[in-house]
Structure formats: C-alpha cells, structure tokens
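Participant: Before I ask anything, let me first share the structure, which is written out below as structure tokens.
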Amino acid sequence: MHGAPANVYVDGLNLYHCALADTPHWWLDLRSLARRLLEPEFTLHRIRYFTARIRSRRAPGNRLRQQIYLRALGTIPELEIHEGHFLSYPTWMPLANPNPGEPARVNVIRTEEKGSDANLAAWLTRDAAKRDGQAAFVITGDSDFTGVIQMVRREFNFPVHVVDPRKASSRRLRSAATSYRLLDRRLLARCQFPSALSDGSGVITRPQAWNG
C-alpha cells in the first residue's frame, strides 16, 4: 500500500552547519534521506533544496566541492534546487575579550546568506495553497520558520512536519509543527551517494577531501 505524497523542504545551510559540518557525511543523498524520513506513512513527491552558491575566491576548494555536490543532487529527478546568494560587507563587531587599552570593536567582513529562508517560506506556502502533495516535511532547526509553518497549517489545513538537524530541540518549532523530531544522525552515514555517479555532462566523483 502506497502512502500519501509529501514534499521535503531542505534548509541546506542549516542542515550543513547543524548536522554535517563536523562529520565525514557531506556526500549526502537527499532522496535516500527523504524516503527514510517519510516511510511508511508517506511517499516522496518532490524535494526542494534551498542554498546559496559560494562565490568567495578565498575558498576555491569549498566552491568547487559545492559545485560537484550540486551536480550530484541534480541527478535526483524529484529534486529542485532553489538558490539564494551570499552577501559580504564590512561591519564593526565587538570583541568577546578585548585586552586592556585595546579597541573593544574591530572592523570585519561579514558574510550572510540571503534569500534562501524567504524562498523556502514562499515555496512552502505556494505548494500548500496549490495542494502540491498532501504534507510537507521541513528539515531545519531555524525557529524563524515558526510563523509560516503556523500560517500554512491554519490557512490551508496543510500538515507540516519538522525534522530538526540540531542536537537540541526547539520549543517554538515543536509548538508550530504537526509533528516534530530531531534528525537521527545515524541516517547520515546510511544515506550517502555512491562514490561515482553520472549526469548528462559525464561522471561525478565524490571529492577526495570528503573521503575521510
């Protein structure tokens, strides 16, 4: 018996920083992960992945590895990538422990991801309004999504389930969602792409730096 179709919305930066950054599991197969999160009640309808491309020339290795990973994600027929952007600008920031007689603030280059959160909120609302799928699963630990999750449930009677990649639970997300759980970290190792796969441009190989 097949389950109801559901969409999975992935807050890419939040997933990376909260669950992947300190692991060797960056080569994550999001279709495999999504299916494990949905079964047995739901079947996978689509995945929407929200991220921003690294543009900084100071991190060419990171930029190349991200490009390779986005190509790998492009082999998943159910997945669509929605891109925001990174914005860098100078700003004054306070030092945590300034030395006596030294300035308490320093001028730094701050980089922020722009657009991804707004894109996720917009597509979640759009899909709920159009009844695209019968439920939403949002992979995020960002409590800024509390309001849109509450609105989607209230205005469209559309179930929204939150899978939090952080290690500590969020009371705000828990109170807003139809269901809430922490991501089972054991799934990260179990849901990896093969070392090599292919698309229309050729072979895609897992970056050597990710083989640790």
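The values are calculated or read from the model by the stated rules, or taken from the named source; none is laboratory data. What you see is a predicted model; the values in this text were computed from it and never measured. FYI the Cβ positions are ideal-geometry reconstructions off the backbone, even for glycines, and counts take in every protein chain you see.
Participant: Could you please find all residues in the stretch 1-26 being more than 29 Å from Arg131 (Cβ to Cβ) and surrounded by 22 or more Cβ atoms within 10 Å (Cβ to Cβ)?
Facilitator: Ala19
Participant: Being among the basic types (Lys, Arg) and farther than 11 Å from Leu124 by Cβ is the filter; apply it to the stretch 147-167 and report the residue that is surrounded by the most Cβ atoms within 10 Å (Cβ to Cβ).
Facilitator: Ranking the qualifying residues of the stretch 147-167, first place goes to Arg166.
Participant: Oh, and also: Which residue pairs have Cβ atoms under 7 Å apart, sit 6 or more places apart or on different chains, and have a first residue in the stretch 193-212 that is in a strand (DSSP E or B) and a second that is at pLDDT 90 or above and among the polar types (S, T, N, Q)?
Facilitator: Taking only residues 6 or more apart or on different chains, the pairs are Ala196/Thr205; Leu197/Thr75; Asp199/Thr75; Ile204/Ser198; Thr205/Ser195.
Participant: Also, quick follow-up: Would you please name the residue that is surrounded by the fewest Cβ atoms within 10 Å (Cβ to Cβ), looking only at residues in the stretch 63-116 that are modelled with pLDDT under 65 and closer than 16 Å to Tyr9 by Cα?
Facilitator: Gly115
Every residue, every condition in (1) touching a helix residue (DSSP H, G or I) at 6+ places or on another chain (Cβ under 6 Å); (2) more than 17 Å from Arg186 (Cβ to Cβ); (3) in contact (Cβ under 8 Å) with a residue 40 or more places away in the chain, yes or no:
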site	(1), (2), (3)
His2	no, yes, yes
Ala6	yes, yes, yes
Ala21	no, yes, no
Glu41	no, yes, no
Phe50	yes, yes, yes
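Participant: Using the structure shown, decide if Ala6 is touching a Gly at 6+ places or on another chain (Cβ under 6 Å) and of a type in the set (A, V, I, L, M).
Facilitator: So Ala6 passes the test.
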